[in-house]
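The next block holds one structure in the form of structure tokens; read it before the comments.
The values are calculated or read from the model by the stated rules, or taken from the named source; none is laboratory data. Predicted, not measured: the structure shown is a model, and the values here were computed from it. Cβ sites come from the backbone with ideal geometry, for glycine too, and all protein chains shown count toward neighbours. The protein model used for the area step is the full one, side chains on, heavy atoms only, and it has no ligands, DNA or RNA in it. Shrake-Rupley method; radii C 1.70, N 1.55, O 1.52, S 1.80 Å.
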Amino acid sequence: MAFQVTLQPSGHSFEGFEDETLLASALEAGLHLPYGCRNGACGACKGKVLEGDFDHGPAQDHALTAEERAAGLALMCCAKPRSDLVVECREAAAEGDIPVKTLPARVQKLAKLAPDVMLMQLKLPANERLQFLAGQYVEFLLKDGKRRAFSIANAPQDDEFIELHVRLVPGGQFTGHVFGAMKERDIVRIEGPHGSFHLQELSQKPIILLAGGTGFAPIKAIVEHTIHNKIARPMTLYWGSRDRTGLYLPELPQRWAAAHPHIRYVPVLSEPAAADAWTGRTGLAHQAVLEDHADLSAFQVYACGAPAMIEAAKRDFCARGLPAEEFFADVFSFAPQ
Ligand SMILES: Cc1cc2nc3c(=O)[nH]c(=O)nc-3n(C[C@H](O)[C@H](O)[C@H](O)COP(=O)(O)OP(=O)(O)OC[C@H]3O[C@@H](n4cnc5c(N)ncnc54)[C@H](O)[C@@H]3O)c2cc1C
Ligand code: FES
């Protein structure tokens, strides 16, 4: 049975179900409630039920004391509604509201998507989840104190694993390890989430997504997040690479475009090999955006990839009328040597 759950002070509401926790329903609805363990143990998801009946579920006594229960407090990761509810609970509206964690993680899967692109899936310890906004990144903490940044490629509602797309940098210390000695079941240390690159959900503007190579990773997270949350703003994805192997998940954006009329996909190759038999767009991906749009003043742009691409895109898109504050980018710069 479905119940209406209203959050205070935001006034946001979502559908709750008697067999689903309030946290799960809220996340499903695209609302960012704070949480940590998702297991009734840490207390990070505490809220106050102002009106209505609910079941506390397996909330642990040290995370929710008897006094807190008596005062109407509940753990959102455990509580299930028994009627319509009004709940006072803070929402993580921006990246600064989400706690940054340092966690061990197990390499669950390593699979080559291209000769120089590795899909890596990380699994967090049983009682841990990493809360993040679609588009944010994590850092690997290496034994020698160095850090390496990689964007999360899955959307927040699929938080069982953290998916990363790692491009091999010739001579690279960390990516060389990923393509060499690293094995499934290895333990790594990560810190995150970091970054302010995420969808601005209050805007209704049409969106241009620009991805260079593995810059596709956070763009994938954003697109999957919009599909899951039924955000149907017109969206055109330009994915650029040198040759066909660089578009390493070729069917995925085609499937998005086929299933969702508001999504368009434009793959662009800068140096297609003869063997690619490429009949699609050629040149630089950001140039393809310029060829298709004489006026960018009404758009919002999300761009991700190498520094030169981001720099050129920002300069040229703003010259076509894009307001500078509507250009959001994650620059795949690299750690200082
Ligand atoms: C916020 C953020 C998110 C990122 N997300 C991703 C991602 O999702 N997928 C991904 O593949 N990469 C991503 N990157 C880039 C990634 O962090 C680097 O490629 C990585 O740190 C390289 O580490 P390494 O130890 O292998 O190379 P290093 O040992 O640090 O470098 C070896 C040599 O290669 C040069 N170099 C290092 N990185 C690059 C690079 N990216 N391009 C060109 N030359 C380089 C160095 O200057 C050095 O000369 C991201 C970067 C940032 C800042
Ligand atoms: S998320 Fe830890 S107690 Fe709910």
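Compute the FRET efficiency between H177 and R233 as 1/(1 + (r/R0)^6), taking r as their Cβ-Cβ distance and R0 = 41 Å, and round to the nearest 0.05. The computed FRET efficiency comes out at 0.55. Extending 7 Å from Cα along the Cβ direction at T245 and again at L142 yields two label points whose distance is 2.4 nm.
If the label point is 7 Å along Cα→Cβ of Q200, which residues in segment 266-297 have backbone nitrogen under 17 Å from it? Residues passing the 17 Å test: 296-297. When a 1.4 Å probe is rolled over the protein heavy atoms, the share of accessible surface on segment 99-194 that falls to carbon and sulfur comes to 51 percent.
A simple spin-label model places pseudo-atoms 7 Å from Cα toward Cβ; at D186 and A294 they are separated by 5.3 nm.
At a 1.4 Å probe, what is the % contribution of carbon and sulfur to the accessible area of segment 207-331? The partial results should precede the final answer.
Details: 2920 of 5300 Å².
The C+S portion of the solvent-accessible surface of segment 207-331 is 55 percent.
With θ taken as phi - 60° and the Karplus curve 6.51 cos²θ - 1.76 cosθ + 1.60 applied, the whole-hertz 3J(HN,Hα) list for segment 17-34 is 10, 5, 9, 9, 5, 4, 5, 4, 5, 5, 5, 4, 7, x, 9, 9, 7, x Hz, x standing for glycine and proline.
Extension gain for Q157-A324 works out to 57.1 nm (0.36 nm per residue, less the C-alpha to C-alpha distance). Under the shape rule built on the C-alpha gyration tensor, where the axes satisfy a ≥ b ≥ c, segment 2-93 is rounded, since a/c falls short of 1.5.
Over segment 29-79, give the accessible area per residue in Å² for a 1.4 Å probe, as an integer.
Working: 2210 Å² over 51 residues.
Ligands and nucleic acids excluded, the figure is 43 Å² per residue.
Start at zero, step by 20 Å, and the Cα-Cα distances of the chain spread as 29, 53, 17, 1 percent across the bins.
Spacing of the modelled spin labels on E15 and R90, each 7 Å from Cα toward Cβ, amounts to 3.1 nm. Here segment 218-245 is scanned for amide nitrogen atoms under 17 Å from the site 7 Å beyond the Cα of H260 along Cα-to-Cβ, giving 218-239.
Of the beta bridges in the chain, as assigned by DSSP with both residues counted there, near 60 percent are antiparallel. What segment 207-331 shows is 42 Å² of accessible area per residue, with the surface traced by a 1.4 Å probe over protein heavy atoms.
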